[in-house]
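Worksheet for the structure shown next.
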Amino acid sequence: MLSKTSALLKSTFSRRAQASVLKYNQLSEPQMAKTALISGITGQDGSFLTELLLEKGYDVYGIIRRSSSFNTDRIDHLYQDPHEKGTRLRLVYGDLNDSSSLNMILRQVQPDEIYNLGAQSHVRVSFDIPEYTGEVTGLGTVRFLEAIRETGIRPRFYQASSSELYGKVAETPQTETTPFHPRSPYACAKAYAYYITVNYRESYGMFASNGILFNHESERRGETFVSRKITRAATRIKLGLQKKLYMGNLDARRDWGYARDYVEAMWMMLNADEADDYVIATGETHAVREFIEKTFGYLDLDWQEYVEIDPRYFRPAEVDLLLGDASKARRQLGWEPKVSFEQLVKLMVDYDMGLANQEAEARALNHKSAATRAGWGSI
Ligand code: NAP
Ligand code: GDD
């Protein structure tokens, strides 16, 4: 019964969050606290950043896109009724593909800080939809920067840059001065976004900073990214809900951190004395195989019995090794990661075990589960 109730609650909250999306002309209210505007608020990082900024006393506006089904799950727990006084989180419709919406939102919200986290963020998918990825992940950034210029406001601007920029790495570890060699349409789009951010800083004196963030994961990570795909599958296998886990390249190495730690770095960048570009990473690298071993080991399972390779998950060009050196962020911002690789795996497994348990319960009640979609497509 618990799962039935929680599903009902979830859908009620989603409806309420959608209902709270404001029209532009409803936006203006006298403001005292700092105001932040977030694109990508419904994503993993957007949800953690919103929590952090609300804790810090900000008024937060999030841009969401129209969707035929509810997609505010990650921020539903932060929902505030806009009809009540003192609401500090508001959602507005907009799209990085739609300059006029960005212009309008900027005029109305007049943010002190903008966090541009919105993107088609899946590397494998970017090979299937390269042009769209270029539009949103690349040109979306210049649309935002131009909107700032046109409206004449002077917000601080954070661009969600990525360690994918290093691609076929020229040196290890990677720092702010390591040359870029992007290896996917996603990384090429992010390269454009990175350079246009630097260009607007240099050309127009904007406070615009790039966070070159290495992979960061959490219990809120999208289920087709490798970490979550593994923890979701292993916990379902543990409960007999799934038999196999089909994977791509197990030799790829990543510098994996915890998303909650990383959004703090974003805020620190926009609250520094000067705009600049920073690597954010743990300084440890692990193979995908190790992530699998740790996850299955934690559940007392022998991963080799369950994991099979499916070439559909290989990428046309791979990024073999990422390892970041975040000394500059440590020195200049005082940032450092708090959650270790082991703790990260454990917290994700614990969370997904909870979900698997709910699913098992729901199955017992003969409910169809969304988790059965996990194997769709080639991602
Ligand atoms: P995510 O979970 O995939 O979230 C992406 C967000 O972008 C979602 O809110 C999505 O909205 C939104 N979005 C997609 N297309 C949009 C459009 N056309 N207009 C407006 N919003 C749009 O990504 P994440 O992991 O939180 O990452 C946040 C940002 O950091 C992304 O730019 C990503 O590329 C970058 N990054 C991530 C990592 C990482 O390891 N997580 C590392 C380096 C950089 P819907 O919910 O409607 O789809
Ligand atoms: N997704 C996925 N699925 N990846 C797999 C699989 C699989 O079945 N099998 C092996 N991998 C490998 C990929 O080939 C890649 O080398 C690695 O696991 C990590 O893949 P993802 O978790 O999809 O992340 P990513 O590194 O490609 O991209 C993420 O991190 C970037 C920062 O470096 C995304 O969050 C990007 O948006 C982000 O910029």
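Read-outs throughout are calculated quantities, based only on the coordinates presented, and are distinct from any laboratory measurement. Just so you know, these numbers come straight off a predicted model, no measurement behind them. Here the Cβ is made from the backbone with ideal geometry for all residues, glycine too, and neighbour counts use every protein chain on show.
Summary of values
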| item | result |
| --- | --- |
| Likely footprinting exposure, 122, 83, fewest C-beta neighbours within 10 Å first | 83, 122 |
| Long-range amide H partners of residue 162 with built H, under 5 Å | 213 |
| Per-residue [θ]222 nm for the chain (sum of -39500 (n - 2.57) over DSSP H runs n ≥ 4, rounded to 500) | -12500 deg cm²/dmol |
| Phi to ³J(HN,Hα) by Karplus 6.51 cos²θ - 1.76 cosθ + 1.60 over the stretch 274-284, Hz, x for Gly, Pro | 10, 6, 6, 10, 9, 7, 10, 7, 8, x, 10 |
| Radius 14 Å from Cβ of residue 166, net charge of other residues (Lys, Arg +1; Asp, Glu -1) | -3 |
| Derived scalar couplings ³J(HN,Hα) [the stretch 189-196; Karplus, 6.51 cos²θ - 1.76 cosθ + 1.60; whole Hz; x for Gly, Pro] | 5, 5, 5, 4, 4, 4, 5, 5 |
| Whole-number percent relative contact order across the stretch 204-299, with pairs defined as alpha carbons under 8 Å at least 6 apart | 43 |
| Order of 181, 286 - criterion: other Cβ atoms within 10 Å of each residue's Cβ, fewest first | 181, 286 |
| Selected from 311, 130, 82 as most flexible by GNM, with the chain as the system and alpha-carbon contacts under 10 Å | 311 |
| Residues in the stretch 323-364 that a label on residue 239 would reach, taking backbone N under 19 Å of a point 7 Å out along Cα→Cβ | 346-364 |
| Full-extension gain in nm, residue 320 to residue 154, via 0.36 nm per residue minus C-alpha separation | 55.8 nm |
| Net length gained if the chain between residue 135 and residue 77 were fully extended (0.36 nm per residue, minus Cα distance) | 17.8 nm |
| For peptides 89-102, 67-80, sequence by mean Cβ density within 10 Å, most packed first | 89-102, 67-80 |
| Label point distance in nm, residue 54-residue 346, each placed 7 Å from Cα along Cα→Cβ | 2.8 |
| Prolate/oblate/rounded label for the stretch 171-243 (Cα gyration tensor, a/c 1.5) | prolate |
| Of 210, 357, 103, the one that fluctuates the most in a GNM where the chain has Cα springs shorter than 10 Å | 357 |
| Nonlocal amide H pairs with residue 93, under 5 Å, H built at 1.01 Å | 22, 64 |
| Cα shape, the chain, gyration tensor, a/c 1.5 rule | oblate |
| Mean Cα-pair separation over length for the chain, i.e. relative contact order, pairs under 8 Å, 6 or more apart, % | 16 |
